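First up is the structure itself, then whatever we jot down about it.
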Amino acid sequence: MDPFADTLRRLREAFSSGRTRPAEFRAAQLKGLRCFLRENKQLLQEALAQDLHKSAFEAEVSEIRISQNEIDLALRNLRSWMKDEKVPKNLATQLDSAFIRKEPFGLVLIIAPWNYPVNLTLVPLVGALAAGNCVVLKPSEFSRSTEKILAEVLPRYLDQSCFAVVLGGPQETGQLLEHKFDYIFFTGNPRVGRIVMAAAAKHLTPVTLELGGKNPCYVDDDCDPQTVANRVALFRYFNGGQTCVAPDYVLCSPDTQERLLPALQTAITRFYGEDPQSSPSLGRIISEKHFQRLRGLLGCGRVAIGGQSDESERYIAPTVLVDVRETEPVMQEEIFGPILPIVNVRSLDEAIDFINRREKPLALYAFSNSNRVVKQVLAQTSSGGFCGNDGFMHMTLASLPFGGVGASGMGSYHGKFSFDTFSHHRACLLRRPGLEKIYSIRYPPYSPRNLRLL
Ligand code: NAD
């Protein structure tokens, strides 16, 4: 018995009926989403606190407000995004009409992770609905309280003939992926990304893969250590360190490390107090499995700051590791927790070489008082996104595409990029039925004279 067949058939029928295509329908769905967020804000904040010990502040700025802004932007621009895009023509098509039509793919599957369980389900959903698709949403089974709201409350705000939430872990998602979708948007780790892409390949379904990896953070000798420490600590420990674009490790000289360590300690104490475990601002690790994995990483190098953990709360203290070797696990896998290793390099060139020897990251950070240094890192490396002298602020701009490159993913979204991701760009040329005399120069028998006229 296939648990998804009926739902998928219903959604396919709805798409075929054409009802998701008009701008009015799309706008009504987006307004429904906006209403869902407004009316259930407190419920969502409570769920995020239960799932991740997420503070109301972090929930507001990184989950709810980002989603709201995306909805508002899509509603403001929907009609202009939907408009046919006229394109330049050549001599042979001067009398025709040539344009790109943005049409919905059809039935879209969105698979989401647990670390920002509202943002990373709703933001892609905004793009998929704005583009006129029917959508199956698969939230993460780990962020249980949020998953429950998405499954039980969200559908009430949307047209249920065109939208469904399905639940489950790897096994159920695997079953779901056996079905044919017209587009799959996946956010999660690169191992699962490969599984999703292989399943999509069977149906030749296009995918966006928003994956993770290790995001380097280069800190130049020419910097103000306290400013750098404040910014690195904020973005490393935000959401308990469970952010795909968090700075994963610092690359700096031994001298800069010596100046950075007391500054990082100051920042951590200022942010989370003398006893970070009692701070309402610090998140917890999502699951026992991830907690044990992270506790294992605390054994790499030498603990310079933090290092404490408490299994009963899945608490890991904001930690800084030094004397870390490149071959140790903490430098081999994405950390995804509140642990920051510092790796020493002797020069900017060595740092760039270190970055380029590894997979292309989702984000890359460079801190320096010298604009030249920041620009050199930007010019000589590659990554999904880049931010000079701060953490993941680049991804808060809906005018920038958000996505990875190489092992950190493919495709991008946010703002209009989301609409374009979920739309097929159909190449259209409309020719008048007449003027046969002119167009007949293309027909055989071919002649050199006609070739000159073409
Ligand atoms: P995950 O890949 O384990 O899970 C993501 C989704 O895939 C979940 O809905 C899960 O149910 C499903 N899934 C898990 N195993 C599966 C399988 N074998 N077959 C089919 N589906 C399966 O990722 P996660 O642990 O939820 O999230 C953490 C990862 O996601 C990190 O690597 C992080 O960097 C990445 N991430 C990336 C972004 C981004 O925007 N690029 C954002 C957040 C998280």
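The values are calculated or read from the model by the stated rules, or taken from the named source; none is laboratory data. The structure presented is a predicted model; accordingly, all values stated were derived computationally and were not measured. Here Cβ is always computed from backbone atoms with ideal geometry, including for glycine, and neighbour counts include all displayed protein chains. Heads up: the accessible areas ignore ligands, DNA and RNA and are worked out on the full protein's heavy atoms, side chains in. Shrake-Rupley method; radii C 1.70, N 1.55, O 1.52, S 1.80 Å.
Go through the range 395-404 residue by residue and tally those that are surrounded by fewer than 19 Cβ atoms within 10 Å (Cβ to Cβ) and in contact (Cβ under 8 Å) with a residue 40 or more places away in the chain.
Residues in the range 395-404 being surrounded by fewer than 19 Cβ atoms within 10 Å (Cβ to Cβ) and in contact (Cβ under 8 Å) with a residue 40 or more places away in the chain: 1 in total.
Would you mind stating whether L209 is touching a residue at least 60 places away in the same chain (Cβ under 8 Å), among the hydrophobic types (A, V, I, L, M, F, W, C) and more than 16 Å from the ligand (Cβ to nearest atom)?
Judged against the criteria, L209 is not a match.
Here are the criteria: (1) in contact with a strand residue (DSSP E or B) (Cβ under 7 Å, 6 or more places away or on another chain); (2) loosely packed, with under 14 Cβ neighbours inside 10 Å. Tell me which single one A14 does not satisfy.
(2)
For K83, all conditions in the list (1) within 16 Å of the ligand (Cβ to nearest atom); (2) open to solvent by 50 Å² or more (accessible area, probe 1.4 Å); (3) among the charged types (D, E, K, R) hold save one; what is the number of the exception?
If we test K83 against (1) within 16 Å of the ligand (Cβ to nearest atom); (2) open to solvent by 50 Å² or more (accessible area, probe 1.4 Å); (3) among the charged types (D, E, K, R), just (1) comes out false.
Take I100 and tell me if it is more than 16 Å from the ligand (Cβ to nearest atom) and of a type in the set (A, V, I, L, M, F, W, C).
Judged against the criteria, I100 is a match.
Taking the range 364-383 as the search range and keeping residues that are part of a strand (DSSP E or B) and touching a helix residue (DSSP H, G or I) at 6+ places or on another chain (Cβ under 6 Å), which one is surrounded by the fewest Cβ atoms within 10 Å (Cβ to Cβ)?
A366
Quick check on the range 417-454: of everything there that is within 30 Å of F185 (Cα to Cα) and among the small types (G, A, S), which residue is most open to solvent (accessible area, probe 1.4 Å)?
Restricting to residues being within 30 Å of F185 (Cα to Cα) and among the small types (G, A, S), the top hit is A427.
So, of the residues in the range 133-184 that are away from the ligand (no atom under 12 Å from the Cβ) and of a type in the set (G, A, S), which turns out to be farthest from E288 (Cα to Cα)?
S161
Are any residues in the range 120-171 open to solvent by less than 10 Å² (accessible area, probe 1.4 Å), closer than 21 Å to E60 by Cβ and either of a type outside the set (G, A, S) or in contact with a Ser or Thr (Cβ under 6 Å, 6 or more places away or on another chain) (or both), and if so, which ones?
Across the range 120-171, the qualifying residues are T121, L122, V123, P124, L125, V126, P139, T146, L150, L154.
Looking at the range 176-197, which of the residues that are of a type outside the set (S, T, Y) and in contact with a Pro (Cβ under 7 Å, 6 or more places away or on another chain) is least open to solvent (accessible area, probe 1.4 Å)?
The extreme case among them is F185.
Please state which one of A200, A229 is crowded, with 17+ Cβ neighbours inside 10 Å, touching a Phe, Trp or Tyr at 6+ places or on another chain (Cβ under 9 Å) and at pLDDT 95 or above.
A200
Would you confirm, using the coordinates I've provided, whether L8 is open to solvent by less than 20 Å² (accessible area, probe 1.4 Å), in contact (Cβ under 8 Å) with a residue 40 or more places away in the chain, in contact with a strand residue (DSSP E or B) (Cβ under 9 Å, 6 or more places away or on another chain) and among the aliphatic types (A, V, I, L, M)?
Criteria met by L8.
Residues are listed down the side, and each one gets a yes or a no for (1) over 29 Å from the mean Cα position of the chain (by Cα); (2) among the basic types (K, R); (3) modelled with pLDDT under 95:
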| site | (1), (2), (3) |
| --- | --- |
| L251 | no, no, no |
| T256 | yes, no, no |
| E274 | yes, no, no |
| Q308 | yes, no, no |
| E326 | no, no, yes |
| V330 | no, no, no |
| I335 | no, no, no |
